[in-house]
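Novice: The structure that follows is given in the form of structure tokens.
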Amino acid sequence: MHIATQQFADTTVVSPTGRIDHRSAADLEAALLPLAAEAAERKGALVLDFSGVDYISSVGLRVLMIAARQMRAAQGSISVAALSSVVAEIFSISRFDKVLVVQSTLDDALAQASDAALAAYRAAGRPPPA
Amino acid sequence: MKGVRFWGTRGSLPVALTAAGLGHKLREVLRAARGQPLDSDADIEALLQRLPFALAGTYGGHSSCVQIDTGGADFLVCDMGSGLRPLGQAAMAQRGGKPQTFHVFMSHLHWDHIMGLPFFVPAFIPGNRVVIYGSHRELESALRRQQQPPSFPVDFDTIFEGRVEFVHLEPGVPSSVAGVEVTTMLQRHTGDSYGYRFESQGKVLVYSTDSEHPLADPAHTERFVGFFRDADLVIFDAMYSLADAISVKADWGHSSNVVGVELCQLAGARRLCLYHHEPVFDDAAIEAMLAETRRLEEITRGAQPLQVSAAYDGLEIAL
């Protein structure tokens, strides 16, 4: 699994790719939780871009739960965006779609995070959706 | 082992279908019957077969009790929830005047798993034997205590007259009971619970209820994958959704359908049976959980398919 990170104004976008399973969830935890702590510290927002995630297991979902707790405790916001159809079903079956805000696209997630985040994203050359 | 029969499948406490719940089912069934041929009993039966189980049947409300059919004369039973009472009635009906022996394996000693014993009629019959196995040191004292005043009108010795015996099972050490190899394993639950792995004639059955799975502990996962390895059937505590099990109901000692699928897939098990249903769930909710669990298995399937069922009072599964 590969994990990329980008900053758009007050919003951190974390983009894991591949499978988040029993083997790789520890990598996600090691990468994500410090980022969530930082974002929570400055009361920013965290967006998880899941467009490149093929699968997530219960262990991976637990990591998201911990990150969500961190963010909420600091009045920060967290959302997950661009789920594949399989991952969207896993979220629904596990009821994680009730735990985390799920946005259809990264644009939607950034718009919900802050106007500044969306503007920075667009300024970086990311086109608005057609 | 030939198979299992579920006598009680509900978690925490027994429940019953209410008048409102039955009324809802009847209305839905009558709506489904509009315009359908109903002239003969065969027509009616055909209609009922087409209806969802949540409408034409019910998952039932007795608390934990599962019978293992070994093909032998002795009865093997997991847990003594309220489902033990109808099991006892069925055993009495097939007794034919001959003494009967019941081997009962206890996951743990919470009320919903022990409440059936004072109502287990075969234990009142001279000549019968009830041998209760478990890994808790308090096994005997807990069962005696529930029949002490003011909780029950007749005490243990008066009602059972020495027909009930106790056998301690050391976790991880296989024992042979009625031709079946039995191994217990410690599970995470308040006051501890134990899972059972039964092996006989090339068949493997795992009974794992009231068991929480800490997802952050790979060693725990490996232990359970080994315990479930190549099982023909895993009876699994799937009381909560995953989100509930690791958030608002964390440390309540139960698990989820999602973790059940994952552990069975990792272990190469062939069939998963969702068990210890949340008592607030109605039949439609359990049926929806079953459909979702089957879908999860489908979209995450590896080399080997995993058959998924939801236990109901009266369900029989062949091994």
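The values are calculated or read from the model by the stated rules, or taken from the named source; none is laboratory data. Only a predicted model underlies this, so the values are computations on that prediction, with no experimental measurement involved. Cβ placement follows ideal geometry from the backbone for every residue including glycine, while neighbour counts extend to all protein chains displayed.
Novice: Please determine, by comparing only the residues of segment B:211-228 that are touching a residue at least 40 places away in the same chain (Cβ under 8 Å) and assigned to a loop (DSSP other than H, G, I, E, B), which one is farthest from A:Arg62 (Cα to Cα).
Specialist: Here the answer is B:Ser211.
Novice: Do we have any residue at all in segment A:55-69 that's assigned to a loop (DSSP other than H, G, I, E, B), in contact with a Lys or Arg (Cβ under 9 Å, 6 or more places away or on another chain) and closer than 16 Å to B:Leu242 by Cβ?
Specialist: Our first condition is that a residue be assigned to a loop (DSSP other than H, G, I, E, B); within segment A:55-69, this holds for A:57.
Now narrow it down to the ones that are in contact with a Lys or Arg (Cβ under 9 Å, 6 or more places away or on another chain): A:57.
Among the residues that remain, those that are also closer than 16 Å to B:Leu242 by Cβ are: A:57.
Yes; the residues of segment A:55-69 include at least one that is assigned to a loop (DSSP other than H, G, I, E, B), in contact with a Lys or Arg (Cβ under 9 Å, 6 or more places away or on another chain) and closer than 16 Å to B:Leu242 by Cβ.
Novice: Select from segment A:55-69 the residues that are of a type in the set (Val, Ile, Thr) and within 7 Å of chain B (Cβ to nearest Cβ) and list them in ascending order. Write out each step before concluding.
Specialist: So in segment A:55-69, the residues of a type in the set (Val, Ile, Thr) come out as A:56, A:59, A:63, A:66.
Listed by number, the list holds a single entry, A:Val59.
Novice: Another question about this same structure. Filtering segment B:264-287 down to residues that are under 13 Å from A:Ser58 (Cβ atoms) and surrounded by fewer than 24 Cβ atoms within 10 Å (Cβ to Cβ), which residue is farthest from the other protein chains (Cβ to nearest Cβ)?
Specialist: Pass one, segment B:264-287, residues under 13 Å from A:Ser58 (Cβ atoms): B:264-266.
Still in the running and surrounded by fewer than 24 Cβ atoms within 10 Å (Cβ to Cβ): B:265-266.
Details: B:Gln265: 10, B:Leu266: 7 Å.
Checked segment B:264-287; the qualifying residue farthest from the other protein chains (Cβ to nearest Cβ) is B:Gln265.
Novice: Could you check, for segment A:109-117, whether at least one of its residues is within 15 Å of B:Leu242 (Cβ to Cβ) and among the acidic types (Asp, Glu)?
Specialist: Restricting attention to segment A:109-117, the residues satisfying the condition of being within 15 Å of B:Leu242 (Cβ to Cβ) are none.
No, every residue in segment A:109-117 fails to be within 15 Å of B:Leu242 (Cβ to Cβ) and among the acidic types (Asp, Glu).
Novice: When the residues of segment B:211-230 are narrowed to those that are more than 9 Å from chain A (Cβ to nearest Cβ) and among the small types (Gly, Ala, Ser), which ends up farthest from the chain's Cα centre (by Cα)?
Specialist: Among residues in segment B:211-230 that are more than 9 Å from chain A (Cβ to nearest Cβ) and among the small types (Gly, Ala, Ser), the one farthest from the chain's Cα centre (by Cα) is B:Ala219.
Novice: Give the number of residues within segment B:244-261 that are crowded, with 24+ Cβ neighbours inside 10 Å and in contact with a Ser or Thr (Cβ under 7 Å, 6 or more places away or on another chain).
Specialist: 7
Novice: From the list B:Ser208, B:Ser200, B:Ser193, B:Ser176, exactly one residue is more than 14 Å from chain A (Cβ to nearest Cβ), of a type in the set (S, T, N, Q) and surrounded by fewer than 20 Cβ atoms within 10 Å (Cβ to Cβ). Which is it? Show your work before the answer.
Specialist: Numbers: B:Ser208 fails: surrounded by fewer than 20 Cβ atoms within 10 Å (Cβ to Cβ); B:Ser200 fails: surrounded by fewer than 20 Cβ atoms within 10 Å (Cβ to Cβ); B:Ser193 fails: surrounded by fewer than 20 Cβ atoms within 10 Å (Cβ to Cβ).
So the residue among B:Ser208, B:Ser200, B:Ser193, B:Ser176 that is more than 14 Å from chain A (Cβ to nearest Cβ), of a type in the set (S, T, N, Q) and surrounded by fewer than 20 Cβ atoms within 10 Å (Cβ to Cβ) is B:Ser176.
Novice: Continuing with the same structure: Cβ-Cβ distance below 7 Å, separation of 6 or more or different chains: which pairs start in segment B:231-249 with a residue that is more than 13 Å from chain A (Cβ to nearest Cβ) and among the aromatic types (Phe, Trp, Tyr) and end on one that is surrounded by 24 or more Cβ atoms within 10 Å (Cβ to Cβ) and in a helix (DSSP H, G or I)?
Specialist: Note: pairs meeting the criteria are B:Phe236/B:Gly260.
Novice: Which members of segment A:84-124 meet the condition of being in a loop (DSSP other than H, G, I, E, B) and facing chain B (nearest Cβ under 10 Å)? It would help to see each step written out before you state the result.
Specialist: At the first step, the residues of segment A:84-124 found to be in a loop (DSSP other than H, G, I, E, B) are A:84, A:95-100, A:104-105, A:114, A:124.
Residues satisfying the conditions are A:Arg95, A:Phe96, A:Asp97, A:Lys98, A:Val99, A:Leu100.
Novice: Looking at segment B:229-260, which of its residues are closer than 16 Å to A:Gly60 by Cβ and outside any loop (DSSP other than H, G, I, E, B)?
Specialist: Correct list: B:Leu242, B:Ala243, B:Ala245, B:Ser256, B:Val258, B:Val259.
Novice: In addition: Which is closer than 21 Å to B:Trp7 by Cβ and of a type outside the set (Val, Ile, Thr), of B:Leu169, B:Leu143, B:Leu186?
Specialist: One residue alone meets the criteria, B:Leu143.
Novice: Moving on to the next point. Among the helices (runs of 4 or more DSSP H) lying completely within segment B:1-95, list those that include at least 3 residues that are within 21 Å of the chain's Cα centre (by Cα). So that I can check it myself, show each step before the final result.
Specialist: Working: elements: B:19-33, B:41-50, B:53-56, B:84-93.
Output list reads B:84-93.
This table checks each residue for (1) out of contact with any Gly (no Cβ under 9 Å at 6 or more places or on another chain); (2) modelled with pLDDT of 95 or more; (3) more than 18 Å from B:Ile159 (Cα to Cα); (4) crowded, with 21+ Cβ neighbours inside 10 Å.
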residue	(1), (2), (3), (4)
B:Lys98	no, no, yes, no
B:Thr101	yes, yes, no, no
B:Phe105	no, yes, yes, yes
B:Gly116	no, yes, no, yes
B:Pro122	no, yes, no, yes
B:Arg129	yes, yes, no, no
B:Glu138	no, yes, yes, no
B:Leu143	yes, yes, no, yes
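Novice: Just to verify a result, which residue in segment B:31-87, among those that are among the aromatic types (Phe, Trp, Tyr) and out of contact with any Asp or Glu (no Cβ under 6 Å at 6 or more places or on another chain), is farthest from B:Ala142 (Cα to Cα)? Outline the logic, then answer.
Specialist: Pass one, segment B:31-87, residues among the aromatic types (Phe, Trp, Tyr): B:53, B:59, B:75.
Add one more test, that the residue is out of contact with any Asp or Glu (no Cβ under 6 Å at 6 or more places or on another chain), and what stays is B:53, B:75.
Numbers: B:Phe53: 37, B:Phe75: 22 Å.
Restricting to residues being among the aromatic types (Phe, Trp, Tyr) and out of contact with any Asp or Glu (no Cβ under 6 Å at 6 or more places or on another chain), the top hit is B:Phe53.
Novice: Identify, by number, the condition in (1) under 24 Å from B:Thr300 (Cα atoms); (2) in contact with a helix residue (DSSP H, G or I) (Cβ under 9 Å, 6 or more places away or on another chain); (3) within 14 Å of chain B (Cβ to nearest Cβ); (4) of a type outside the set (A, V, I, L, M) that A:Asp49 doesn't meet.
Specialist: Here A:Asp49 clears every test but (3).
Novice: Being more than 19 Å from B:Ser64 (Cα to Cα), part of a helix (DSSP H, G or I) and away from chain A (no Cβ under 12 Å), is that true of even one residue in segment B:290-303?
Specialist: Checked against the condition, which is being more than 19 Å from B:Ser64 (Cα to Cα), part of a helix (DSSP H, G or I) and away from chain A (no Cβ under 12 Å), segment B:290-303 yields no hits at all.
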